[in-house]
1. If you take the residues of the stretch 133-165 that are modelled with pLDDT under 95 and of a type in the set (A, V, I, L, M, F, W, C), which of them is farthest from Ser20 (Cα to Cα)?
2. Can you tell me which residue is nearest to Trp163 (Cα to Cα) among those in the stretch 66-97 that are touching a helix residue (DSSP H, G or I) at 6+ places or on another chain (Cβ under 7 Å) and crowded, with 20+ Cβ neighbours inside 10 Å?
3. Against the conditions (1) polar (S, T, N, Q); (2) crowded, with 17+ Cβ neighbours inside 10 Å; (3) within 17 Å of Tyr131 (Cβ to Cβ), where does Asn33 fall short? Just the number, please.
4. Out of all the residues in the stretch 22-48, which are in contact with a Phe, Trp or Tyr (Cβ under 9 Å, 6 or more places away or on another chain), among the small types (Gly, Ala, Ser) and within 30 Å of Gln94 (Cβ to Cβ)?
5. For the stretch 119-148, what are the residues that are open to solvent by 80 Å² or more (accessible area, probe 1.4 Å) and either of a type in the set (Phe, Trp, Tyr) or over 22 Å from Ala87 (Cα atoms) (or both)?
6. Residues that are acidic (Asp, Glu), within 25 Å of Pro19 (Cα to Cα) and more than 14 Å from the chain's Cα centre (by Cα): which strands (runs of 3 or more DSSP E) entirely in the stretch 30-128 hold 1 or more of them?
7. Which of (1) without any contact (Cβ under 8 Å) to a residue 40 or more places away in the chain; (2) open to solvent by less than 50 Å² (accessible area, probe 1.4 Å); (3) among the hydrophobic types (A, V, I, L, M, F, W, C) does Ala44 not meet, given it meets every other one?
8. Look at Gly62 and say whether it is modelled with pLDDT of 95 or more and open to solvent by 40 Å² or more (accessible area, probe 1.4 Å).
Amino acid sequence: TFETASRPTGWSVLTNANPSAAWRFNNPGNRANRTGGSGGFAIADSAYAGTVNMDTELRTPGLDLRDLIHPQLEFKHDFRRWASETADVYVRTQGGTWTNILRNQYASTYGTVQISLQPFSGQTNVIIDFYYYNANYCWWWEVDDVKVYGYPDTNHNAVADDWEMQYFGSMTSVNAASDYDRDGMLDWREYV
């Protein structure tokens, strides 16, 4: 939720241009939270940085998605566009190739964003990168209330734990090849 004026534990900020033009958590330009959230937020504030190139990344720590089915990224944001600036969201596994999952480039946009992380389901060390660049005395990108969620699958059988408990009373009866009720449809397909 970025409620403190410092970078959250485990998160990292990279600057690929002027080191003073980076993601901040202390709201140096005294902006209102326009994301739909409340309180503090992260901001890449090109207007505050002034006439310097801003090319900065805000990265989550490595996330473990092994225990989630249908993982989703959700966040609130306010991308205020002036001229050439771009606000992207990238995802990768540690050491893997970055995949662009969102691009804000041609118009201002704000509100809640939800994006499927299904291609990264079952992966470890998944990193999400909020990348703001091509900005020089432009406006800003505010980000707030970042969360990753999905259906818990602690036994990694691609069936949600709560569904297994509801229909089988345990999490040991279902696997990819089981047909517990012998109706000709695999339990995994019934769940889907």
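1. Step by step, filter the stretch 133-165, then rank; the result is Met165.
2. Out of the qualifying residues, it is Pro71.
3. It is condition (3) that Asn33 fails.
4. Selection gives Gly37, Gly40, Ala42, Ala44, Ser46.
5. If the condition is that a residue be open to solvent by 80 Å² or more (accessible area, probe 1.4 Å) and either of a type in the set (Phe, Trp, Tyr) or over 22 Å from Ala87 (Cα atoms) (or both), then Tyr137, Trp139 are the ones that fit.
6. Numbers: elements: 42-45, 53-59, 68-80, 86-93, 99-104, 109-116.
Fully inside the stretch 30-128 and qualifying: 42-45, 53-59, 68-80.
7. So the condition that Ala44 fails would be (1).
8. Judged against the criteria, Gly62 is a match.
The values are calculated or read from the model by the stated rules, or taken from the named source; none is laboratory data. These numbers come from a predicted model, not from an experiment. Cβ: placed from backbone, ideal geometry, glycine included. Neighbour counts: every protein chain shown. Side chains included, ligands, DNA and RNA excluded: accessible areas come from the protein's heavy atoms. Shrake-Rupley method; radii C 1.70, N 1.55, O 1.52, S 1.80 Å.
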